[in-house]
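Novice: Here it is: the structure, laid out below.
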Amino acid sequence: MKTLIDILSQPAILVALIALIGLIAQRKNLSDTLKGTTKTFVGFLVITAGAGILSSSLTPFGEMFQEAFHVSGVVPNNEAIVALALEKYGSSTALIMFFGMIVNILIARFTKFKYIFLTGHHTLYLACMLAVIMAVAGFSTVPLIIAGSVALGIIMTLSPAILQPFMRKLTGHDNVALGHFSAVGYAISGLVGKAVKGKKSTSTEEINFPKGLGFLRDSTVSIALTMVLMYLIVAIFAGPTFIESELSGGTNFLVFSLIQAGSFAAGVFIILSGVRLVLAEIVPAFKGISTKLVPNAKPALDVPIIYTYAPNAVLIGFFSSFLGGIVSMFLLAVTGSTIILPGVVPHFFTGAAAGVFGNATGGIRGAVAGSFVNGIIISILPVFLMPVLGDLGFANATFSDADFGVAGIFFGALAHYAGPIAISVSLVVILVLMYVAKFFGNKQAETGLFENKKTGTESK
């Protein structure tokens, strides 16, 4: 079971296996099968490497920020809270993850929600949170596994489903979905972008720099220079003593900050390269699965797949979301609530995506406003999530992304008012509604939230 979970929680292996199955289902020759599978595997490892570089460069930035401005509180971090929870709920998490993926496939097969969630590490995180919540709600052993698995499968299907109209607007096609449990935040960012859109919407990718600043049109250069400026400012406020004794291992604090800023830009560049490699292989390979196993299925892939559509919006979204986190931190402090510190890693990955979606619907205004709202959402939701996590809610970390907060608060509220019975009934009702939905409406009604395909105009 541990080996199986290790395989399923690794996006590179999981997506490579999906590509292999899809290519075999299409009866591709050995050469094409090996090439497609290997490129998919290596492409995801490239994305993972880039994400690792990003995370390692952002971590000291967060510590420098806390030291510079003397703030303390709870840091939203999925990896940290999961590491704590797995000590007690490891077995339940593993089983919920395994059976939840099966439920996801069954829902895609028998309903009109044709989304196969392929972001393994996020599946693991949500399985862990559901194990905790179901245990706190009063479920035990087998009922806990069943309830958690069904809940996980439902969320794995609905999360990409609510975001697909925005994905279609962004990509211009309907071949791929987004598998990242912050869809609520992204969808709201898209709606905010549409609300603030002016008569003439200018995309973040169409920013007109003066001739002397033409080098800023290169996203790698603009990201690197912007992050250098941010790191140096925070480093000066944090001071050389703290950085050189706690973070840099004695390296000059300005040199250390310069290297971390450059590493951030390098991480973004690596991610974008890996995304191009994966999308070129996984979408054609997935046709085998959608044809043979789950008709019309769409792969829901990790969040970096959308960064290539608006690299400038990625950086704008990160800063705007982080600003939203700072504003929320002060509001929480004033109201006497639990203070949620702006975690740099979640604000980058979710803020960047929110900026891309906001830009798709509202240009520069949408990117700024949508990602700012996203920053507030992922700062406020953890406050209401922590009480439903039992003893784990007192830890100095919590789940960060929006879907974790929405799902956790929903099931926690049901458990509070009516216990396991309310959760069980709600899961059955949701499954029935998802199945019955395929008999009503049409595809345009399901996915035409933004565009009327016949006219190409925005629909009300």
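Novice: Just add up the charged neighbours of Phe237: K/R +1, D/E -1, any other residue whose Cβ is under 14 Å from the Cβ of Phe237.
Specialist: Value of the local net charge: -2.
Novice: What three numbers, in Å, describe the spread of the alpha carbons of segment 294-430 along their principal axes, ordered from the longest?
Specialist: 52, 47, 22
Novice: How large is the charge dipole for the chain, taken about the Cα centre, if only the Cβ atoms of Lys, Arg (+1) and Asp, Glu (-1) carry charge, to the nearest 20 debye?
Specialist: 2000 debye
Novice: Further, regarding this structure: Taking amide H positions as placed in the peptide plane 1.01 Å from N, state which residues far from Ala177 in sequence (5 or more) or on other chains have amide H under 5 Å from it.
Specialist: Ala300, Leu301
Novice: Compute the signed sum of charges (Lys and Arg +1, Asp and Glu -1) over the other residues within less than 12 Å, Cβ to Cβ, of Gly343.
Specialist: Combined, the nearby Lys, Arg, Asp and Glu give -3.
Novice: If you roll a 1.4 angstrom probe over the protein chains with everything in place, what fraction of the accessible area of segment 274-369 belongs to carbon and sulfur, to the nearest %?
Specialist: The C+S portion of the solvent-accessible surface of segment 274-369 is 66 percent.
Novice: Ok, one more. Past 25 Å, Cα to Cα: identify those pairs from Lys2/Lys114; Lys28/Lys169; Lys169/Lys200; Lys114/Lys197, in the order given.
Specialist: As for pairs spanning more than 25 Å Cα to Cα, those are Lys2/Lys114; Lys28/Lys169; Lys114/Lys197.
Novice: Using every alpha carbon pair in the chain, what percent of pairs falls into each 20 Å bin from 0 up to the bin containing the largest distance?
Specialist: 24, 59, 17, 0
Novice: Tally Lys/Arg at +1 and Asp/Glu at -1 over every other residue whose Cβ is under 12 Å from the Cβ of Lys39; what's the total?
Specialist: 0
Novice: Projecting each Cα onto the charge dipole of the chain (Lys/Arg +1, Asp/Glu -1 at the beta carbon, about the Cα centre), which of Ile223, Gly325, Ser257 comes out farthest on the positive side?
Specialist: The residue sitting most towards the positive pole is Ile223.
Novice: Return the carbon/sulfur percentage of the accessible area of segment 47-198, one whole number, probe 1.4 Å, all protein chains in place.
Specialist: Solvent-exposed carbon and sulfur of segment 47-198 make up 66 percent of the total.
Novice: Given the Cα-Cα distance of Val71 and Asp32 and 0.36 nm per residue of separation, how much length would full extension add, in nm?
Specialist: 8.6 nm
Novice: A follow-up question, please. Restricting to Cα pairs below 8 Å that are 6+ residues apart, what does the relative contact order work out to for segment 337-437? Please round to a whole percent.
Specialist: 19 percent
Novice: Moving on. Can you compute log10 of I(q)/I(0) for segment 234-361 with the Debye formula, treating each Cα as one identical point scatterer, at q = 0.13, 0.18, 0.19 Å⁻¹?
Specialist: Debye intensities relative to I(0), on a log10 scale: -0.76, -1.08, -1.12.
Novice: Counting heavy atoms of the protein chains only and a 1.4 Å probe, report the per residue accessible area for the chain as a whole number of Å².
Specialist: About 43 Å² of surface per residue is accessible.
Novice: Determine the distance separating the Cα centre of segment 296-363 from the Cα centre of segment 217-271; give it in Å without decimals.
Specialist: The distance from the Cα centre of segment 296-363 to that of segment 217-271 comes to 20 Å.
Novice: So how long is each side of segment 1-72 along the principal axes, counting just the alpha-carbon atoms, biggest first, in Å?
Specialist: 60, 28, 14
The values are calculated or read from the model by the stated rules, or taken from the named source; none is laboratory data. Since this is a predicted model, take the numbers as computed values, not measurements. When we count neighbours, we look across all protein chains shown, and the Cβ atoms used for this are built from the backbone with ideal geometry, even at glycine. To get the accessible areas, we keep the full protein, side chains included, count just its heavy atoms, and leave off ligands, DNA and RNA. Shrake-Rupley method; radii C 1.70, N 1.55, O 1.52, S 1.80 Å.
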